[in-house]
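S.K.: One structure follows; several queries about it will come next.
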Amino acid sequence: MGLGSALKQKANQALGIGVEDAKLTKSYLSVAFIALLLGGILGLIQGLNRAGLLELPSWFTYYQVLTAHGILLVVVLSAFFTIGYFYAGLSHTLGGILPKVRRMAWIGFWMKIVGIVIAVIPILLNQASVMFTFYPPMAASPYFYIGLVFIVLGIWMCAFGAFINVAHWRKNHKGEHLPILAFFATGVFVLLFFGSLPVTAEVLMIIPWAFGWVETINVMLSRTLFWAFGHTLVNIWYLTAVSAWYVVVPKIIGGRRFSDTLTRVVIIALVVMNITGGFHHQIIDPGISESVKFMHVFMSLAIGFPSLMTAYAMFRVFERTARATGGTGFLGWYKKLPWGDVRFLAPFIAMVAFIPGGIGGIVQSTNQLNQVVHNTMWVVGHFHLTVGVSVVLTFFGISYWLIPYVSKRVLTPAINKLGIVMTWIWTVGMIFMSGAMHYVGLLGSPRRTSYTTYGDHATALSWDPYLFFLAIGGTLLMIGVIIQVYAAFHLMFLAPIGETEFPIAKEEDDASKTPYWTERWGVWIVIMLVLVSMAYVLPIVDFIVNAPPGSPPIRSW
């Protein structure tokens, strides 16, 4: 490493993030929290309508709301927060973002903004009420799909920028291990690129069909390409949250990071096994052999192993740190954890929520159990538990140190206390909403539908009390959204000027040496692609060669 590069890295780590890198991250985070506010408002409207408490006008339908809510939160919030967070991490751990990489990230930023605008306009015009899944035979305006293309291209631009920055660091640090947060970022951007390839292929099939240039489309192939992406996307958010659990939370509680080797193995396992698993979303779909479905279910459940490794690692860190600060007893040590620090409390609740969330995932990956809950409100409840708590609360916890860090400000006791209040409001709200969704799903209430009593059928009427709890939960969550958005922009523009640490925990003193084979990203990507080929090549070829009759565009709204 040259003298200039070394001095730049030391200065960056001592003084915090550079002005240009900070501006980039703040821009990404600003869009993320604006999307949270808009998506939260739409979510409240959706929840009140689903509970039968709000009648929507003819010019703004439930399915418009549902589509916009999904795109804003599932695509915009998650992508912009993830990229902003990891680019700050790359800047901090690799000695700054390269100028050409920063330009790529800005190009990606504006491509995604343009894509969002192009996609949202048809939604507002009720020309794209196809929901987040957006697969045929329902057809939106072709401009909706063109907007999605711009969003994906923007994400690719950011992914390749990250790869260039990592490659530059490795070139100047031969034989060294990539800093752990940059290692996490590499895994996430690998998944973002390869996981979005199937949905890109799907959208490129849909656009000429939506324009009317081709009469029909292969519905089975389209669904499969979507879920190869959709399944991966969920675990991209999860891996982003896990990065904060392993790297940041131990530092915040005054502890050390558990086994660097285990951490890197968990990342590699989640990357290698992730894309293979999409068919567990299609368990009841015809045209897919049982053996292929079984392989996908096996790979989906296999992700549970790195999750269990994470659970062991984190709770070991909690106990060891608490006992080092005077904690005693079989369980009494937990009192020594910093429960009054939102940077710990929010991600801790997120971790705990992943326990029932993971159990729900096992239910949905099991053929017999899936028959009971498939396409019911149970699935929506599961999604809100895993993403709405495990991922989003972790993102919130990150924001209370990341935003002050990039803004050269400090977290005040008042905003920390407000964050604690927000965390508990969010937790209680999600217990009400997700719990009601799970239970009413077991009673047969379908997902993806607006409120109806089906002609005052007794079964449908029995859902109403639980849907009321759903509305209560949605209202509490909207209050949480308002508090969180206020806190985020307060920390960005109004909090006292000062220096905030980028919290990265060090390894334990007695940690074993990390083997260098963990750095062989080329090998892991090849193994991942081999598994993807085993899982998808034969069924996709079968869908094409033995294609059923195609479907014309259908508009059901």
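The values are calculated or read from the model by the stated rules, or taken from the named source; none is laboratory data. Everything numeric here is computed off the predicted structure, so don't read it as measured data. In this analysis, Cβ positions are derived from the backbone assuming ideal geometry, glycine residues included, and neighbour counts consider all displayed protein chains. Note: areas computed on protein heavy atoms with side chains; ligands, DNA, RNA excluded. Shrake-Rupley method; radii C 1.70, N 1.55, O 1.52, S 1.80 Å.
S.K.: With the Cα gyration tensor of the stretch 406-491 in hand, convert its eigenvalues to equivalent ellipsoid semi-axes via √(5λ) and list them largest first in whole Å.
M.R.: Value: 37, 11, 9 Å, ordered largest first.
S.K.: A further question on this structure: Based on DSSP H runs of at least 4 residues, each adding -39500 (n - 2.57), what is the mean residue ellipticity at 222 nm of the chain after dividing by all its residues, to the nearest 500 deg cm²/dmol?
M.R.: Calculated from helices alone, the mean residue ellipticity at 222 nm is -23500 deg cm²/dmol.
S.K.: Any idea how far apart residue 557 and residue 367 come out in nm if each label point goes 7 Å out from Cα toward Cβ?
M.R.: 3.5 nm
S.K.: At 1.4 Å probe size, put 512, 551 in order of accessible surface, largest to smallest.
M.R.: These residues rank, largest area first, as 512, 551.
S.K.: Given that just one value was derived from the coordinates, which of [x] 79, 52, 48; [y] 67, 49, 43; [z] 93, 69, 55 is Cα extents along the principal axes in Å?
M.R.: Computing Cα extents along the principal axes in Å and matching it to [x] 79, 52, 48; [y] 67, 49, 43; [z] 93, 69, 55 gives [y].
S.K.: A further question on this structure: Averaged per residue, what accessible area in Å² does the stretch 372-473 show with a 1.4 Å probe, protein chains only?
M.R.: For the stretch 372-473, the per-residue accessible area is 37 Å².
S.K.: Show the residues, 5+ positions off or on another chain, whose built amide H is closer than 5 Å to the amide H of residue 217.
M.R.: 551
S.K.: To continue, here is another question. Considering every pair of different Cα atoms, what Kirkwood radius, in Å, is found for the stretch 100-259? Provide the component values of the computation, followed by the final result.
M.R.: On the way: mean 1/r = 0.0566 Å⁻¹.
So the Kirkwood estimate lands at 17.7 Å.
S.K.: Report, ordered by chain and residue number, the lysines lying within cross-link reach of residue 251, taken as a straight Cα distance under 28 Å and ignoring same-chain residues fewer than 8 apart.
M.R.: 8, 10, 23, 26, 174, 335, 336, 408, 417, 506, 513
S.K.: Taking +1 at the Cβ of each Lys and Arg and -1 at the Cβ of each Asp and Glu, which of 167, 269, 240 sits farthest along the dipole of the stretch 148-289 towards its positive end, judged by Cα position relative to the Cα centre?
M.R.: Of the options given, the answer is 167.
S.K.: With the other protein chains left in place, how much accessible area per residue, in square angstrom, belongs to the stretch 117-223 at a 1.4 angstrom probe?
M.R.: On a per-residue basis, the stretch 117-223 sits at 35 Å².
S.K.: Between residue 204 and residue 530, what FRET efficiency comes out of the Förster formula 1/(1 + (r/R0)^6) with R0 = 35 Å and r the beta carbon distance, rounded to 0.05?
M.R.: The pair residue 530/residue 204 has a calculated efficiency of 0.90.
S.K.: Still on this structure, I have one more. Mind giving me the nanometre distance, one decimal, between the label points for residue 174 and residue 290, set 7 Å out from Cα along Cα→Cβ?
M.R.: 5.6 nm
S.K.: Roughly what angle does helix 521-545 make with the longest principal axis of the chain, taking Cα atoms, 0 to 90 degrees, to the nearest 10?
M.R.: Helix 521-545 and the main axis of the chain meet at about 0 degrees.
S.K.: What size of dipole, in debye to the nearest 20, comes out for the chain about its Cα centre when the only charges are +1 on Lys and Arg C-beta atoms and -1 on Asp and Glu C-beta atoms?
M.R.: 1400 debye
S.K.: Measure out, as a whole number of angstrom, how far apart the alpha-carbon centroids of the stretch 333-391 and the stretch 465-483 sit.
M.R.: With the stretch 333-391 and the stretch 465-483 each reduced to a Cα centre, they are spaced 17 Å.
S.K.: A further question on this structure: Given H placed 1.01 Å from N in the peptide plane, which residues other than close sequence neighbours of residue 409 have an amide H under 5 Å from its amide H?
M.R.: Here 498, 500 satisfy the definition.
S.K.: Just need the Rg to Rh number for the stretch 502-557, please, alpha carbons only, Kirkwood Rh.
M.R.: Expressed as Rg/Rh, it is 1.37.
S.K.: Return the Rg/Rh value of the stretch 347-405, two decimal places, where both radii are evaluated on C-alpha atoms and Rh is the Kirkwood radius.
M.R.: 1.15
S.K.: Go through the stretch 147-155 residue by residue and turn each phi into a ³J(HN,Hα) via Karplus (6.51, -1.76, 1.60, θ = phi - 60°); whole Hz please, and just put x for glycine and proline.
M.R.: Once rounded to whole Hz, the list reads x, 5, 4, 4, 4, 5, 4, x, 5.
S.K.: Let me ask something else about it. Can you tell me how much longer the chain between residue 479 and residue 320 gets when fully stretched, taken as 0.36 nm per residue apart minus their C-alpha distance, in nm with one decimal?
M.R.: 53.7 nm
S.K.: Show 456, 509, 260, 464 ordered by accessible area, largest first, where the area counts protein heavy atoms only and the probe is 1.4 Å.
M.R.: Ranked list, largest accessible area first: 509, 456, 464, 260.
S.K.: Counting only heavy atoms of protein chains, what accessible area per residue, in Å², does the stretch 483-557 have with a probe of 1.4 Å?
M.R.: Heavy-atom SASA per residue in the stretch 483-557 reads 60 Å².
S.K.: What residues have an amide H closer than 5 Å to that of residue 257, excluding those fewer than 5 places away on the same chain, when H is modeled at 1.01 Å from N in the peptide plane?
M.R.: Sorted by chain and number, the residues that satisfy this are 506, 507, 508.
S.K.: Roughly to the nearest percent, how much of the accessible area of the chain is carbon and sulfur, given a 1.4 Å probe?
M.R.: Carbon and sulfur: 71 percent of the exposed surface of the chain.
S.K.: Give the aspartates and glutamates reachable from residue 293 as a straight Cα distance under 13 Å; neighbours fewer than 8 places away on the same chain don't count.
M.R.: Reachable aspartates and glutamates: 285.
S.K.: Measure nothing fancy, just the Cα-based angle from helix 260-274's long axis to the longest principal axis of the chain, in degrees from 0 to 90, nearest 10.
M.R.: 20 degrees
S.K.: Also, quick follow-up: Which length gain, in nm to one decimal place, applies between residue 355 and residue 523 when the Cα-Cα distance is subtracted from 0.36 nm times their residue separation?
M.R.: Full extension of this stretch gives 57.3 nm more.
S.K.: Using the Karplus equation 6.51 cos²θ - 1.76 cosθ + 1.60 (θ = phi - 60°), what ³J(HN,Hα) coupling, rounded to whole Hz, does each residue of the stretch 233-238 give in order, writing x for Gly and Pro?
M.R.: 4, 4, 7, 5, 4, 4
S.K.: Hey, what did the chain get for relative contact order, percent, Cα under 8 Å, at least 6 apart?
M.R.: Details: 857 pairs, mean separation 109.1, N = 557.
Contact order relative to length: 20 percent.
S.K.: From the backbone phi of the stretch 320-332, what are the Karplus-calculated ³J(HN,Hα) couplings (6.51 cos²θ - 1.76 cosθ + 1.60, θ = phi - 60°) in whole Hz, Gly and Pro given as x?
M.R.: These are the phi-based 3J(HN,Hα) values: 4, 5, 5, 5, 5, 9, x, x, 9, x, 4, 10, x Hz.
S.K.: Also: Per 0.36 nm of contour for each residue apart, how much would the distance between residue 216 and residue 457 grow if the chain were fully extended, relative to their Cα-Cα spacing?
M.R.: Length difference between fully extended and current span is 83.0 nm.
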